[in-house]
């Protein structure tokens, strides 16, 4: 009796989109995600978002400009609908800030209104009255919140107090319990990463944070079955 060996099924790669809204560090993020084995595409097309398995919103620049660009490209509603779908969302730097309801950068500006809270500017002076260097462009530590462990989060392989790379003048102030890590900049404690349901977002740049940053991307991908 002749037998036939069944060919193994081909598993399609998950589709990860990096949203290009004309502001940001797209190519360094793309390289980092590609280096950990993800199938990544950079796009500004709203129609592609619905079929994605995960989206990444990076960014460096002004909050108001970013929102204007997202609106002009008709990306606001597709991004919000994607997040509502429960699929994995990763925000980086400005991509974290845009999730919030509003920013005080250059006056009031409305955000994506996903996370309750606002984006605020670092005070020019620290508690001692000394001039604080703004923006923060530096390696700085991320810390666990008391009682809030990083197990089962993208920060799981990172030790408490690890250094990450930051470039920013504004920080987020959530009005809901989403904080995942805290960072101290010249005496000011602020939220440096958040997690809420399918959303993980960070103020620091994992793609510029050497091997520890790549661990964060890799763990995010593994937790969300993107590899």
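Based on Cα contacts under 8 Å between residues 6+ apart, the chain shows a relative contact order of 19 percent. Taking the chain as a Gaussian network of alpha-carbon nodes connected by springs under 10 Å, the highest mean-square fluctuation of the residues 199, 134, 19 belongs to 134. Computed from Cα atoms, the angle from the helix 210-223 axis to the main principal axis of the chain rounds to 50 degrees.
Taking 0.36 nm per residue of separation and subtracting the current Cα-Cα distance, fully stretching the chain between residue 34 and residue 113 would add 25.4 nm.
Helix 26-35 and the long axis of the chain differ in direction by around 50°, with both axes built from C-alpha atoms. Across 176, 146, 212, mean-square fluctuation computed from a Gaussian network of the chain (C-alpha pairs under 10 Å connected) peaks at 146. The helix-based estimate of mean residue ellipticity at 222 nm for the chain, built from -39,500 (n - 2.57) per DSSP H run of four or more residues and divided by its residue count, is -6500 deg cm²/dmol to the nearest 500. Tell me the label only: which of (i) 17.4; (ii) 19.3; (iii) 18.2 is Kirkwood radius over Cα pairs in Å as calculated from this structure? Only one listed value fits the structure, namely (iii). Length gained on full extension, residue 141 to residue 197: 17.7 nm, using 0.36 nm per residue less the C-alpha separation. Quick check: from the Cα gyration tensor, does segment 52-186 come out rounded (a/c under 1.5), prolate or oblate? Oblate shape, in that a/c is at least 1.5 and b/c is the bigger or equal ratio.
Relative to the dominant Cα principal axis of the chain, helix 76-85 is inclined by about 60°. Residues of segment 184-227 with backbone nitrogen within less than 12 Å of a virtual label 7 Å along the Cα-to-Cβ line of residue 163, please, listed as ranges. Correct set: 209-210. R0 = 35 Å: FRET efficiency of residue 127 with residue 47, Cβ-based, nearest 0.05? Given R0 = 35 Å and the Cβ-Cβ separation, E is 0.10.
A short reminder: the numbers here are calculations on the coordinates, not readings from a lab. Model, not experiment: these values are computed from the prediction. Because the Cβ atoms are built from the backbone with ideal geometry, glycine has one as well, and the counts that use them run over all protein chains shown.
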